[in-house]
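Just below is one structure, and these are the notes that go with it.
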Amino acid sequence: MTEAASPPVSGTHRWVSLMVHDVSVAQRFYGELFGWEFDTGPDQLGPYVRALRDGHPVAGLGEFASGVRGRPVSWLPYIATGDVDATAATIRECGGTVAVGPIEVDQVGRLAIAADVNGAVFGLWQGGPRRSAPFYGPAGTPEWNELITADTSTVSKFYSNVLGYEAAPEPAQPEGLDYLTFRLDGRPTASVRGVGARSLPRDRGPHWLTYFSVPDVDEAVRDVERLGGLALSEPEVSPFGRWAKVADPEGGIFAVIRPPGR
């Protein structure tokens with residue numbers, strides 16, 4: 001997921017970025033947890049670094065403007081589009097909002113930050129560098145993005161209209177589970193899980209959850225706690241691998257997962 005095909009297909013998840021209040025704290029935490037190294041990224045939107053794993057760019061860390069307080073720290077998926085201005089207009093027509101842009105970012109492309117009909121925030125990315133193949137490392141590479149929301153019915157229609165997703169349950173899905181997979185041309189690209197309004201975090205409501213690969217989920221959870229983060233769920237097994245939900249020292253929620261066969 002971290003490196004899109006050339007050219008990127010509209011609707012694919014190209015990148016993940018985390019906005020924090022202190023980027024140096026985030027660098028220390030994620031650097032030790034995932035073995036990331038960092039280089040300086042585009043600074044048009046403020047301090048920003050790119051995380052590298054084995055020399056490959058895998059994620060970004062940005063810092064809120066000075067004086068911003070109380071805004072929840074959260075991972076943000078960036079989704080490819082061939083025309084960010086047209087996609088932004090469709091988002092508004094379908095009941096979503098566009099908070100930032102579209103804007104041109106030097107040597108990156110044209111970007112926007114939007115929210116769906118239920119308020120979950122995501123990014124749009126047009127252009128940028130072309131890459132030949134996905135990079136999947138042993139630790140610290142994004143494996144999957146999942147939308148956590150109250151229910152899937154309305155929001156799945158929004159993403160289908162905006163990004164062309166086909167939304168359907170998994171064939172062997174347990175009865176009563178409110179879960180849909182988003183597909184492009186039959187290929188799974190993301191998912192949406194309905195958890196009920198009472199189960200949404202009070203500080204952020206609907207949100208996207210990024211899953212990062214690790215070689216050992218239990219060890220990763222222990223490392224998260226040792227580094228000042230929190231374990232938010234016990235490790236469990238799913239058809240997609242063993243995983244657990246955790247949070248970084250500033251409250252940014254993410255998941256660690258060991259996919260099957262790795």
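Using only alpha carbons, build the gyration tensor for the chain and give me the equivalent ellipsoid semi-axes, biggest first, whole Å.
Listed largest to smallest, the semi-axes of the chain are 24, 23, 19 Å.
List the residues, sorted by chain then number, that are 5 or more residues from Trp75 or on another chain and whose placed amide H is less than 5 Å from its amide H.
Counting only residues 5 or more places away or on other chains, the set is Ile253.
I'd like the accessible area for Phe29, computed on protein heavy atoms only with a 1.4 Å probe and all protein chains in place. Round to 10 Å², please.
Here the residue's solvent-accessible area equals roughly 10 Å².
If you rank Arg187, Arg53 by how much accessible surface each has, with a 1.4 Å probe, what is the order from largest down?
Arg187, Arg53
So how much accessible area does Glu166 have, in Å² to the nearest 10, using a 1.4 Å probe?
100 Å²
Long-range amide H contacts for Phe38: which residues qualify at under 5 Å (H placed 1.01 Å from N, peptide plane, sequence gap of 5 or more or a different chain)?
Leu52
Which value, in Å² and to the nearest 10, is the accessible area of Lys245 when all protein chains are kept and the probe is 1.4 Å?
The accessible area comes out at roughly 50 Å².
Accessible area per residue of the range 141-258 at 1.4 Å probe, in Å²?
48 Å²
Whenever you get a sec, compute what percent of the accessible area on the chain sits on carbon and sulfur atoms (1.4 Å probe).
The value for the chain is 50 percent carbon and sulfur by accessible area.
The values are calculated or read from the model by the stated rules, or taken from the named source; none is laboratory data. The model shown is predicted, which means the values in this text are computed figures rather than measured ones. For accessibility, only protein heavy atoms count, side chains too; no ligands or nucleic acids. Shrake-Rupley method; radii C 1.70, N 1.55, O 1.52, S 1.80 Å.
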